[in-house]
Structures are given as structure tokens and as C-alpha cells.
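Input: a single structure, listed below in C-alpha cells.
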Amino acid sequence: MTAFFFSPHKNIIRHTLATRDDEVAPRHEILSAGTEVTLLDNGIIRFEPNTASDTSLVISCAVHGNETAPIEIVSAIIDDLLAEDQKCGQRVLFILGNPWAMEAGTRFVDVNMNRLFCGDWQHQDLTLPEVKRAAKLEAYVANFFAEEPVTATQRLHYDCHTAIRDSARERFAVYPFVAGRTLPETQKAFLDSADVHTVLLQQQAANTFSSFTSLQQNAESFTLELGKVRPFGENDLTRFEGIDRTLRRLIAGDALPDSPINPVDGFTVHHTIEKTSEHWEFFVEDDVANFTEFAPGTEIWRDGDDAYIVGDEPEYIVFPNRDIPVGQRAGLMLRKQSG
Ligand SMILES: [Zn+2]
């Protein structure tokens with residue numbers, strides 16, 4: 001019967017695209033192992049084992065609609081859970097974030113959804129589908145965590161993305177800022193297992209989806225940048241084996257190592273590049289990869305007598321973008337944490 005869960009559509013991707021403008025009636029089934037499956041809404045599905053579980057796991061993708069590789073991975077995991085080829089040992093909420101941008105094959109339609117969380121949607125045009133969707137996603141996630149059994153001891157959220165820009169470090173994670181929090185060894189072990197050996201440690205609160213779960217839902221969470229943006233069907237999914245394998249282990253309820261086997265390098269922001277005036281000059285090439293290293297003494301930008309020159313240790317650029325209005329952020333210069 002589960003082959004027809006998304007009937008008449010083939011899988012959650014097709015179902016999500018086809019029903020993007022509809023009211024989706026909740027659908028509920030119990031698998032032969034006792035796992036309860038509930039399609040809560042368009043692109044939002046929950047699996048709950050009938051055994052005691054200690055983890056509430058949120059796995060999201062398609063918050064940017066054209067970042068297709070994680071969507072294909074999530075859809076395949078859901079198919080395997082429904083077919084009971086994948087064991088369900090923990091509660092899992094899967095989210096395909098932005099159905100309209102998925103359909104359009106774009107990052108977003110009206111507004112970048114990954115800037116709408118932590119209640120930021122309240123300050124936006126509430127008639128826009130993406131703004132309403134961000135509000136709904138917050139509510140579904142909050143309910144999912146609120147309904148967890150007393151046996152639950154950890155909340156996890158992995159928000160899976162791919163990037164437009166090349167990266168000198170193919171995969172990286174962004175760890176949201178929460179005052180007084182440090183990245184635990186168990187989460188470094190998760191990253192290592194997923195072949196993510198670079199983590200940008202944010203130093204101020206943001207309004208991304210993973211910031212919402214970290215700041216307001218007490219979860220360990222990351223925004224995961226897992227490779228390059230490509231259209232549906234054109235992804236080399238072998239490049240994503242690490243995350244696929246690791247998510248499946250977590251869902252099955254298998255233990256991950258307590259600490260990483262390979263080093264996971266932490267990076268912190270040393271300088272925020274801002275376009276200070278119309279005379280501002282930016283000396284970083286347009287197509288430079290994220291995490292490109294700049295040697296001490298390199299001039300990064302100049303605006304008259306003001307300039308930024310790399311200090312006494314190497315720095316690494318992320319998210320460079322010169323085509324922005326005066327006063328906005330043009331990129332970040334990072335330093336690698338020692339030890
Ligand atoms: Zn993204």
C-alpha cells in the first residue's frame with residue numbers, strides 16, 4: 001500500500017510540485033513494523049517508530065528550490081522508509097521547503113526563505129507564498145519537537161543545501177550562533193561521518209532555518225552546503241554519499257562515533273566586508289571559490305584612505321559578492337581556528 005502513499009504521484013518530489021498551490025489533506029498510514037507515517041502538509045512528512053526513541057530529527061531541503069541534490073537524497077530515503085528497506089529507529093520530520101521555487105528551478109521566487117526565520121516572516125508581505133510557508137515551517141517544527149516522547153534526549157536539525165559558487169573546501173557547515181554554546185564533539189563526529197570537514201562558526205544570531213531550530217527550539221543544527229547546484233537528474237549523487245549514509249544511520253537509530261576520526265576545521269569571521277561607498281574597490285575576482293586562501297598582506301578592498309589588508313595569518317573568503325548596494329555585505333573574511 002505504501003507504494004501509493006503519494007498516489008497518483010511517483011514520489012514526494014512529484015507530489016510536492018503537483019500540490020504546491022493546494023490544501024493538502026493529512027494522510028496517515030502505519031507500516032508493518034509499526035512505524036507511523038503522516039503526510040502533514042505539502043512537502044512535509046513525519047515518521048515515528050513504535051519503539052522508544054531518544055532523538056527527534058528534522059531533515060530539511062529545498063529551502064532554496066534549485067538545490068536539487070539534497071532533495072533527491074531526501075526523496076530516496078523517504079521511498080526506502082515507506083518500502084521498509086530503511087529502518088526507522090528515530091522520529092524524523094522531513095521538509096521540502098519551497099515548492100514554488102522547486103517548480104521554477106530557482107533559488108526563490110519572491111523572497112529568500114532562508115532569511116525569514118526566527119519570526120522574521122512577521123515583518124514581510126504576508127500575502128507571499130514563501131512568507132506564509134516560513135511561518136508554517138516554524139510551526140510544524142515547533143510542534144514536532146513539542147510532541148516528542150519523554151524518552152527523547154536530543155533534537156537535531158540538518159538543513160541541506162548546495163551552493164552556486166565553487167568552494168575550495170567542497171562541503172561545509174554553518175553552525176548557528178547561540179550565546180555560550182560551543183560545537184560538541186558528537187556534532188563534529190556527525191560532520192566527519194558526512195564528509196564535511198569545514199565548519200563556519202557564526203558569531204552573531206541570524207534568521208536562517210537552522211538558526212531558528214538552534215535559538216528557539218534548543219536543537220543542534222547546521223546549514224549544510226554539500227556541493228554544487230545542478231538541475232534535477234544532473235547530480236552526481238556519489239558526491240553526496242557521506243551525508244546520505246550518515247542520515248540513514250541516524251534515522252535507523254545506529255550510534256555515530258562520540259568524536260570525529262578526521263579533523264573538522266572551525267573557521268570564524270575576522271572581518272565583514274561592506275561596500276562603503278560608490279568609490280569602493282573590491283580586489284577579489286568575481287568567480288573566486290568560497291574558502292579561497294589569501295596570504296598576509298593581500299589587499300582585499302579599498303575606499304579612498306580606508307582599506308582592508310590581510311593581517312599576520314592567512315584569511316579565507318566566503319560569500320563574496322560585489323554587486324550589492326552601498327552599505328551591504330560583500331563577503332566575509334575568515335580565520336581558521338587553531339587546534
Ligand atoms: Zn541554499
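What's the carbon and sulfur percent of the chain's accessible surface, probe 1.4 angstrom, rounded to a whole number?
Roughly 47 percent, rounded to a whole number.
How much FRET efficiency would the formula 1/(1 + (r/R0)^6) give for ASP80 and ALA179, where r is the Cβ-Cβ distance and R0 is 35 Å, rounded to 0.05?
Between ASP80 and ALA179 the formula returns 0.35.
With the crude spin-label approximation of a point 7 Å out along Cα→Cβ, what separation in nm comes out for ALA307 versus ARG230?
Between ALA307 and ARG230, the simple spin-label model gives 4.2 nm.
Got a sec? Which residues in the range 165-192 would a label at GLN204 touch, if it sits 7 Å along Cα→Cβ and we count backbone N under 19 Å?
Within reach of a label on GLN204, which here means backbone N under 19 Å from a point 7 Å along Cα→Cβ, the range 165-192 contributes 174-181.
Order the peptides 277-288, 202-213 from the highest to the lowest mean number of other Cβ atoms within 10 Å of their residues.
202-213, 277-288
Tell me which residues come under 5 Å, amide H to amide H, from ASP303 once H is placed; ignore anything under 5 positions away on its chain.
Those lying under 5 Å, H to H, from ASP303 are GLU281.
Name the long-range amide H neighbours of LYS228: under 5 Å, sequence gap of 5 or more, or other chain; modelled H, no Pro or chain starts.
Result for LYS228 returns ALA163.
Just to verify a number: what accessible area does HIS9 come out at with the full protein assembly present, 1.4 Å probe, Å² rounded to tens?
Counting only protein heavy atoms, HIS9 exposes about 60 Å² to solvent.
Charges only on Cβ, +1 for Lys and Arg, -1 for Asp and Glu: so what's the dipole of the range 270-336 about the Cα centre, in debye to the nearest 20?
The dipole magnitude comes to about 280 debye.
Please list 172-179, 326-333 highest first by mean number of surrounding beta-carbon atoms within 10 Å per residue.
172-179, 326-333
Within the range 145-162, whose backbone N sits under 19 Å from a point 7 Å along Cα→Cβ of THR186?
Backbone N within reach: 145-159.
Can you compute the label reach from ASN11? Point 7 Å from Cα along the Cβ direction, backbone N cut-off under 12 Å, restricted to the range 226-255.
232-235, 237
Once amide H atoms are placed 1.01 Å from N in the peptide plane, what residues at a sequence separation of 5 or more from SER221, or on another chain, have their amide H within under 5 Å of its amide H?
HIS157
Over the chain, what is the mean sequence separation of C-alpha contacts under 8 Å (at least six apart), divided by residue count, expressed as relative contact order in percent?
For the chain, the relative contact order is 16 percent.
Nearest 20 debye, what's the magnitude of the dipole of the chain about its Cα centre given +1 on Lys and Arg Cβ and -1 on Asp and Glu Cβ?
Value, rounded to 20: 660 debye.
Return the loop-located GluC sites (Glu not before Pro) in the range 1-87 (DSSP other than H, G, I, E, B) with at most 12 other Cβ atoms within 10 Å of their own Cβ; answer none if there are none.
GLU23
Whole-Hz ³J(HN,Hα) for each residue in the range 282-298, computed from phi via Karplus 6.51 cos²θ - 1.76 cosθ + 1.60 with θ = phi - 60°, x for glycine and proline: what do you get?
10, 9, 9, 4, 4, 9, 5, 6, 4, 6, 5, 8, 10, 6, x, x, 6
In terms of the Cα gyration tensor, with a ≥ b ≥ c the square roots of its eigenvalues, is the range 291-339 rounded because a/c is under 1.5, prolate because a/b exceeds b/c, or oblate?
Cα axes put the range 291-339 in the oblate bin.
Under a cut-off of 13 Å between alpha-carbon atoms, report the aspartates and glutamates in cross-link reach of LYS275, not counting same-chain residues fewer than 8 places apart.
In chain and number order, the partners are ASP303, ASP306, ASP323.
Between ASP254 and VAL24, how high is the FRET efficiency from 1/(1 + (r/R0)^6) when r is the Cβ-Cβ distance and R₀ = 30 Å? Nearest 0.05.
The formula returns an efficiency of 0.40 here.
7 Å from Cα along Cα→Cβ at both GLU285 and THR238: what's the point-to-point distance in nm?
Calculated label separation equals 2.8 nm.
Just to verify a number: FRET efficiency for LYS132 and SER338, C-beta to C-beta distance, R0 = 51 Å, to 0.05?
Efficiency computed from Cβ-Cβ geometry: 0.70.
The values are calculated or read from the model by the stated rules, or taken from the named source; none is laboratory data. Given the structure is predicted, the values throughout are model-derived calculations rather than measurements. Ideal geometry is used to build each Cβ from the backbone, glycine not excepted, and the neighbour counts take in all protein chains shown. The protein model used for the area step is the full one, side chains on, heavy atoms only, and it has no ligands, DNA or RNA in it. Shrake-Rupley method; radii C 1.70, N 1.55, O 1.52, S 1.80 Å.
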